[in-house]
Structures are given as C-alpha cells and as structure tokens.
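Since every read-out is calculated from the coordinates, none of them should be taken as a lab result. All figures in this text were calculated on a predicted structure; none of them were measured in a lab. Here the Cβ is made from the backbone with ideal geometry for all residues, glycine too, and neighbour counts use every protein chain on show.
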Amino acid sequence: MCFGFILRHKKAYKYFRTDALLLIICLIFIRLLFPFEHKHMIYIPIQKVMNPLLDFFDQTYIVKLLILLWLIGSVIFLIYFIKDYIHTEYIYKKIMKQSQIVGYRQSYPVYKSNLIYGPCVIGLHKTILLPEIDFSESDLNSILAHESYHIKKNHNLIKGILNIICCIYWWFIPIYFFKKYIFLYLEMKTDDSIIQNLDEKESFAYMQTLIQIQRQSSQKSFTSYISSNGFILNYRIHYMMKGLHKKKTNTVILVSTILICFLSTFINISGYYTNTELTENTFEITNANAYIFENKNNPPSLLFYLDNQYILGGYTNLKEIQDEQKLPTYKDLGKTRNIQSITNTQNTVIKNSKQTTYRWKYKLEDGYVYRRLYNACKNTWVSDWMSA
C-alpha cells in the first residue's frame, strides 16, 4: 500500500526518490518470499469480523478445499507462464532469422528487424533489437544506452521472477499492482542512470526520444522498455522534468520509511478468542474473582472462589499475578467483600477483562492449581501446564 501510494501520486516523488523505492521493494520481496509469522508479531484483534472468518476457514474441509484451489490456480498460471516463455523464444528465433546485425553496444549485439515495432530486449537474451527505422545519432545513442542498462542489470530476469511470484500469489489482487509498480521503478532507475551525466539540453532530447518512439510503436514491445504504456511514460517524463533523478531521498524520510515498512511486517490483523474448545475446563484469575490474603500468622496466599467454595493456598507466582491483575490485599477473611463465583467445569473468562494477546489460563486438578499461557489472538497454547 505504501509503495502504491508513492507511485500513484505525482507529488510524492518530490520526497521519495528511487533509492527509497528500492528499499521498499526489497522489504516487500522479503515479505512475499517469507510470509511467516514470528514470535514478535503484534496482533490487532478485530473480534466481530475476524472470528467468524477464521472459524469458517479453520474447518478442515474448507482448508483442504482452499489449498486445492490454490494449487490448481498456481499450476494453471505457471502453465500459462511457461507457454508464454516458449512462445517468446519461438518469436525470438523467428526474428533473429530475419534480422541483420548492425553493430555492438557494450559487447551486446544490436540487430534490426521489420518484425518488431519498437526497441526491445526479448527474454533473457543479451541482444538488442531495433525496428527498421532510421533514428538520429542522438536518438540511437539514447535507445542503445537504455536497452544496454536493462541487459546489464538483468531487468528481464527480475520481471520473470516477479511473474513466478504472481503465479504463486495469483489470488492476492495487490500483487498485480505491485508488479506494475516494479516495472515502473525499473524504467525510472534506467532513466536515472542515463541522464545522470547529461546536461539539460541532452536530457530533454532523451525525453523527446521516449515520446517519439511511444508514438511510432503501434504495438507493445516484448519488454515495454521504451514503448511503455501512457501511465508509465507520463510518470517518467514528469519525474525527469523535475530534475529529481539527480537528488537523493531526505535522510529523515528515508529512515522513517524503512522503519514504517519494516515495522508493518510485525503487524497482523487477528481474531480474539476467550471461550473455545481448546480452553475448556479452565478459568482466569482477575481482581473480580480473587484476592491476596495476608496476615502475620500466614504467608501471602491467593484466595479465589471456585465451584461455590473458597480456594486458598500459597503460589510461587503470587507476585506476578498480583502485578498483572492488581489484586487487592486483605488481612482478615471476614472483611473481604463478596467475590465473583467462577465454575471450574466451564470455560470461564471474566467479562469486560482487558484484551491482551497472552492470557493465563488456570485449572484445578486433585486439589492443585495449574496454569498455562494462552494466545487469545491465535487460539493456541504458548506453554505447557505448570504448577501455579
């Protein structure tokens, strides 16, 4: 979302240059390649929305069905990807048979062919293809410099990897916008490298070349490098006209952007569970149903009301419970106010208790109280049962 916002709004390029975009791209790629949760995740519970959704998708047959649909979709998209690659290789060989070499650019051979409509590089081949058009020397230098940079930086390989990622995440609509913005970034980065050392007059000549070839190309080239669509070309021209290619992103903005993008990978929208089959026959200790009992003749103990009877005993984690729940302390049992009754035979959670990711669950067994840490956002146990 952050990446898309920057590239959709032209005013944003006043603050975010290609160096900032590169860092954002890297973070997104890492997240796409490693879409796993970790122990430092920050959960934002939206109970009314997420609980029904998660309960629905948590059903065994639903999970199996979704996995099957995902696999079928991925296979279909991969088949189309491979088919397009094979077709592109076929077209490349056909073009090469009817092309003639006209020179070299940075050791890359340059061919001319009447089968293409704009300068391009096809697939992973390190060959520059030009249409049968007589370009001026200035235009030709700009075109060859542009295409050479794409080959040097393996931009087609990057696009291929991105297409494979799209095959895997075919169901995730934002991935297609991300793909579009990656293509735009590659063009902007290429433009930057070419006009970095050009004067103002030469820079405008380069931009005119881009516009001219866009008009001349009646069909989309294989790589859409120079004859790109109107949105991409329009954005690139504005970016270069502002002279922003010669500037770097402000350090404060750059660091802030990195931190925001990085920290966003720690955030996860989740449900929130308190009563589930997993926590059956457990209860929670809060200041609504428990007290600390302490007098000169007895060590500090925890007093709570369970199954219509008071439970009293010493606990190793008493201070921890007191710090967490802010339990009141009484020195005389007769002076304690009535406390809320909780039932051990039911999954009991005190109403209106604070929503926290981790909650201690307790159970009474053979006269002893045990506790276990529970992740209420994921509905999973975090620890084993231990003596309370």
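For this structure, a couple of remarks:
- On the beta carbon distance between Ile237 and Glu277, with R0 = 51 Å, the FRET formula returns roughly 0.25.
- Ranking of Glu132, Glu284 by count of other Cβ atoms within 10 Å, fewest first: Glu132, Glu284
- Extension gain, Glu89 to Val382: 0.36 nm times the residue separation minus the Cα-Cα distance gives 100.2 nm.
- FRET efficiency for the Ser138 to Asn197 pair, using the beta carbon distance and R₀ = 22 Å, is estimated at 0.90.
- Each of Arg215, Arg105 has some number of other Cβ atoms within 10 Å of its Cβ, and from fewest to most they run Arg215, Arg105.
- Peptides 75-82, 120-127 ordered by average Cβ neighbours within 10 Å, highest first: 120-127, 75-82
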